[in-house]
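Read-outs throughout are calculated quantities, based only on the coordinates presented, and are distinct from any laboratory measurement. Remember, predicted model here, so these are calculated numbers, not experimental data. Cβ placement follows ideal geometry from the backbone for every residue including glycine, while neighbour counts extend to all protein chains displayed.
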Amino acid sequence: MTAVSGEQNRRWHWRSLRVRILLATLLWVALGIGGIWYSATRLFAKHVEASYHDELKVHIKELAGLVKVEPDGTLRMDRPLSDPRYLVPLSGFYWQVSLEGHETIRSASMTRGSLDESVAHDSTIHHHVEKGPSGPTITYGFIRDVPGAGEVHYVIATDERLLDETIASFTRELTVWLIALACALVATGFLVVTFGLRPLDRLASATARLRAGTARELEGDYPTEIAPLVADLNAFIDRSRETVARARVEAGNLAHALRTPLAVITDEAERLAQTERTSRSAQTLLEQSQIMVQQIEYQLARARSGASARSPGMASRIEEVLPPILSAMHRLHAGKTFAVHQPEGLDTAVPVDPVDLSELLAILLDNAGKWGRSEVSIGMEEAPEGLLVRIADDGPGLAAEQAAEAFRIGTRFDPGIPGSGLGLAIAKDIAVAYGMTIELCPRGDGRSGLEVRLTISRA
Ligand SMILES: Nc1ncnc2c1ncn2[C@@H]1O[C@H](COP(=O)(O)OP(=O)(O)OP(=O)(O)O)[C@@H](O)[C@H]1O
Ligand SMILES: [Mg+2]
């Protein structure tokens, strides 16, 4: 659960590719859609205004053609304007014709109010926004001079509200469509990011499997952009595995090369120790040879374990490495029992090289066999930090200050039992290389003896 949410967090971290691509998509969609919205509404408003103005110009010309001035100055109209909206009361379409000193005629739609005839102040068509019978109107007017009658004022008007309503309804509809388009684009971006970056998720889990030791290389098919990287990484992993193997072989060879001359020196020193004249020098030679043997054994054990060059893709199971160690322990420590307690269903797979794990467990079991009186128990359980292995014996145990010292090279507290004092130093080296913790504590059940607690991280 925590691992899953941790992975989710990483996926949606602000530095993740996903979040960056999505933010860029959001920004791009916002700018694009915003730009389309702004320019489309502007263009539409301009277009609607222009067509309204053209229409009114046509209407005022038609009006001028239809109104007759009688010789007595009476204004007369034989038929109405062709647009029926001038007949519907307060429709928003109005006209008015006036001649000084005579009755003004108006459209049937203008059941109240009047139009400002000052708009018509010369012979060219002018337009203004004026107060009209049903709100502000776009008013057009011009004057025609009728010989013998005077100046006739022609005024025609449309409610500005009609124009505004047309533009507003277009804007509303456009906004809804553009919001839908923006949502579709963002959803597409989300899908593209989710599917497009899947190979990287697969690569992450392949790397996790490699680190956990359940795979020996990065597995899976990858797109052409990533495949060369995966192939290179796999080649690198192979090479580092080979390097470790070669280093182990060379370390073994070095051991053989040094052991024989050292054995000859030790033999010679022992022979010289017989002679009184050389016995003191021989003693020094023997002591120094002993230190050399100790150091060589320690360094070779380290090199052999390969712990210093831990390579990916390693895994072992406790129940698989334990049996050969136990049969060796039965032979080495005859008469002592080694009881394994493994809970049902416990997964003992750990990302540790089997050779290193065997060596580590052999060192701890050998100590328990050497100092335990009759019984050694090996327990395993799941702990928050990983797999916890407890090896408990019924021997004398160690005091707290001895336990702290015991990991140093050559430290021995009990010269009565043979050993070189290297076991725990090597065990500690292996443990540190794999991020394990190893503690020497008194037994938990209050009986005398030592309990070694080895916690093996699974990551
Ligand atoms: N289970 C144990 N009970 C009591 N004392 C222990 C136990 N394990 C280790 N010690 C003490 O810690 C010392 C260091 O142990 P370590 O395994 O490093 O060396 P060793 O067993 O003496 O020699 P080597 O393992 O190199 O053959 C031992 O000499 C012993 O005094
Ligand atoms: Mg030992």
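Net charge near Asp122: determine it from the other residues with C-beta under 14 Å of the C-beta of Asp122, scoring Lys and Arg +1 and Asp and Glu -1. Spell out each step's value before the answer.
Numbers: positive: Arg144; negative: Glu117, Asp145, Glu151.
In short, -2.
Multiply the residue gap between Asp145 and Tyr38 by 0.36 nm, knock off their C-alpha separation, and tell me the result in nm, one decimal place.
Residue separation times 0.36 nm, minus the Cα-Cα distance, leaves 34.0 nm.
Would you work out the relative contact order for region 227-305, in percent, from Cα pairs under 8 angstrom that are 6 or more residues apart?
On the way: 34 pairs, mean separation 29.1, N = 79.
Over region 227-305, the number comes to 37 percent.
Just for the Cα atoms in region 227-305, what are the lengths along the principal axes, largest first, rounded to whole Å?
Each principal axis gives a Cα extent; for region 227-305 these are 74, 15, 12 Å.
Computed FRET efficiency, Cβ-Cβ of Asp122 and Asp78, R0 30 Å: what is it to the nearest 0.05?
Working: r = 27 Å, r/R0 = 0.91.
Here the calculated transfer efficiency is 0.65.
Spin-label point model (7 Å from Cα, Cβ direction): what's the Leu90 to Leu346 distance in nm?
Between Leu90 and Leu346, the simple spin-label model gives 9.1 nm.
Of Gln342, Leu322, Ser374, which is farthest along the charge dipole of region 314-456 in the positive direction, counting Lys and Arg as +1 and Asp and Glu as -1 at C-beta?
It is Ser374, whose Cα lies furthest towards the positive end.
Taking a cut-off of 18 Å, what percent of all Cα-Cα pairs in region 314-456 are separated by more than that? Walk me through the numbers before you get to the answer.
Numbers: 5407 of 10153 pairs.
Across region 314-456, Cα pairs with separations above 18 Å total 53 percent.
Please sort by residue number the GluC sites (Glu not before Pro) in region 318-407 whose DSSP state is loop and whose Cβ has at most 11 other Cβ atoms within 10 Å. Before the final figure, lay out the partial values.
Values: sites: Glu319, Glu320, Glu344, Glu359, Glu375, Glu381, Glu382, Glu385, Glu401, Glu405; in loops: Glu344, Glu385.
Within region 318-407, the qualifying GluC sites (Glu not before Pro) (loop, at most 11 other Cβ atoms within 10 Å) are Glu344.
Convex hull over the alpha-carbon atoms of region 1-196: what's its volume per residue in Å³? Can you show the working numbers first?
On the way: hull volume 31.8 nm³, N = 196.
Cα convex hull per residue, to the nearest whole number: 162 Å³.
Taking Cα atoms, how many degrees apart are the long axis of helix 318-332 and the longest axis of the chain, rounded to 10 and kept between 0 and 90?
The angle comes out near 10 degrees.
Ignoring everything except DSSP H segments at least 4 long, calculate the 222 nm mean residue ellipticity for the chain; use -39,500 (n - 2.57) per segment, divide by total residues, nearest 500. Walk me through the numbers on the way to the answer.
Numbers: 10 runs with 237 residues, N = 459.
Roughly -18000 deg cm²/dmol at 222 nm, from the helical runs in the chain.
Starting at 0 and stepping by 10 Å, how many percent of the alpha carbon pairs of the chain end up in each bin?
4, 13, 14, 11, 9, 7, 6, 5, 5, 6, 6, 6, 4, 2, 1, 0, 0
Can you tell me the 0 to 90 degree angle between the C-alpha axis of helix 160-196 and the longest principal axis of the chain, rounded to 10?
Here the helix axis deviates by roughly 20 degrees.
At most 15 other Cβ atoms within 10 Å plus a DSSP loop assignment makes a site exposed; report the longest stretch of the chain without any exposed chymotrypsin sites (Phe, Trp or Tyr not before Pro). Each step should come with its number before you reach the end.
Working: sites that count: Trp12, Trp14, Phe413.
Result for the longest clean stretch: 15-412.
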